[in-house]
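Data first, discussion second: the structure below is written as structure tokens.
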Ligand SMILES: NC(=O)c1ccc[n+]([C@@H]2O[C@H](COP(=O)([O-])OP(=O)(O)OC[C@H]3O[C@@H](n4cnc5c(N)ncnc54)[C@H](O)[C@@H]3O)[C@@H](O)[C@H]2O)c1
Ligand SMILES: [Fe+2]
């Protein structure tokens, strides 16, 4: 190891970090045990926040008599979708809120939990540390293996006024309990498995190479990358491979643990306009961008990038092999074929460049021109 590298590592050890986590119950079959984890479960008023698919199988959770299911979570939720959920929550007055679904359901449930009994609106809590304490128990049960939102403090909603994703981040939005049951992901179609798996990978890779990267968190990032490298192809090839599903559920959890203390960088910043403007699902948007930002950043974080390549089985032509990896998972890797018009690239680049909360921590400076170049390469 060079002395320059040791100096970087040593100074990172001196950097403070804040790591807030829920209780985690991990394992196949754990979702059925939900009632055992909550004191006096039978007497609770329980609100389930779910997308239509998961709402239809909420009986898996053994709900008490007094429950209500909000079944209208939409993928990549927007403010009107949050308002709908809040209306139903205020009508029902739950003392426990359980999200049952992917990142979309988990993010909405976090916001419902902190906004339901507070005089604040979503726009008042955008940013860090602005939400009030909640007066209900919050439980997250992920059914995709991607976002890691089950262990995170952040929630993202698209604001129709700005057509941008706004993020609220508060320790009051960290769930009391996260139940990670890989069996719940067995029903995921291959395309969603692939996209959400690359999202988990991107969380780990971007946190690992961030300017804010921290030795306390690097260990989760490495573990997550290694699990994606071992299991994502397998789960896409055979959705019933229970070991691969477990590996990915754990990878997503590790990715989620990286997000709170460190968070993502350019990969996510560049992918957001694809989702907010053209409705491209978060994981697919990430996959389209992933090889390009990985290669762009490689020189700035050479040793960590070499570790990533090794864990993922990428060869020296990083761009080509990361691209091939995502394409072989069945992800459409051309923005042109995902409904993005060529004339939008310039304004998308400007929008992505403005996401300073992420780009300020990218290991390599990225100008609007650099971003436009990456978009064109991904077009
Ligand atoms: N809070 C965070 O830190 C964080 C991190 C990353 C992403 N996100 C957000 O999460 C959202 C994306 O979440 P996602 O990728 O998990 O997708 P999602 O929640 O939007 O779900 C995608 C689709 O899969 C379906 N689905 C979910 N589980 C299923 C299952 N087990 N079987 C069959 N179908 C199933 C859903 O009905 C939906 O149609 C975005 O809004 C993104 O911004 C949040
Ligand atoms: Fe993500």
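A short reminder: the numbers here are calculations on the coordinates, not readings from a lab. For clarity, every value in this text was computed on a predicted model and none was experimentally measured. All Cβ positions, glycine included, derive from the backbone under ideal geometry; neighbour counts span all protein chains shown.
Key figures for this structure:
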| read-out | value |
| --- | --- |
| Of all residues in the range 361-379 being part of a loop (DSSP other than H, G, I, E, B) and touching a residue at least 40 places away in the same chain (Cβ under 8 Å), the one that is farthest from residue 269 (Cα to Cα) | 379 |
| Enumerated helices (runs of 4 or more DSSP H) restricted to the range 226-316, each holding at least 2 residues that are touching a helix residue (DSSP H, G or I) at 6+ places or on another chain (Cβ under 6 Å) and crowded, with 24+ Cβ neighbours inside 10 Å | 242-259, 266-278, 282-297 |
| Any chance residue 285 is within 27 Å of residue 20 (Cβ to Cβ) and either within 12 Å of ligand 1 (Cβ to nearest atom) or in contact with a strand residue (DSSP E or B) (Cβ under 9 Å, 6 or more places away or on another chain) (or both) | no |
| Evaluation of residue 39 against (1) without any contact (Cβ under 8 Å) to a residue 60 or more places away in the chain; (2) under 25 Å from residue 24 (Cα atoms); (3) in contact with a strand residue (DSSP E or B) (Cβ under 7 Å, 6 or more places away or on another chain) (one fails), failing number | (3) |
| Filter result for the condition that a residue is away from ligand 2 (no atom under 16 Å from the Cβ) and either in contact (Cβ under 8 Å) with a residue 12 or more places away in the chain or in contact with a helix residue (DSSP H, G or I) (Cβ under 8 Å, 6 or more places away or on another chain) (or both), over 142, 94 | 94 |
| Matching residues, the range 172-201, being crowded, with 23+ Cβ neighbours inside 10 Å, farther than 19 Å from residue 48 by Cα and out of contact with any helix residue (DSSP H, G or I) (no Cβ under 6 Å at 6 or more places or on another chain) | 188 |
| Test for residue 57: is it surrounded by fewer than 16 Cβ atoms within 10 Å (Cβ to Cβ) and either more than 24 Å from residue 180 (Cβ to Cβ) or within 16 Å of ligand 2 (Cβ to nearest atom) (or both) | no |
| Residues of the range 202-222 satisfying the condition of being surrounded by 19 or more Cβ atoms within 10 Å (Cβ to Cβ) and away from ligand 2 (no atom under 13 Å from the Cβ) | 208, 209, 210, 213, 214, 217, 218, 220, 221 |
| Residue in the range 343-352 that is surrounded by fewer than 17 Cβ atoms within 10 Å (Cβ to Cβ) and not in a helix (DSSP H, G or I) present | no |
| Verdict on residue 72 being under 25 Å from residue 279 (Cα atoms), crowded, with 24+ Cβ neighbours inside 10 Å and either within 22 Å of the chain's Cα centre (by Cα) or in contact (Cβ under 8 Å) with a residue 40 or more places away in the chain (or both) | no |
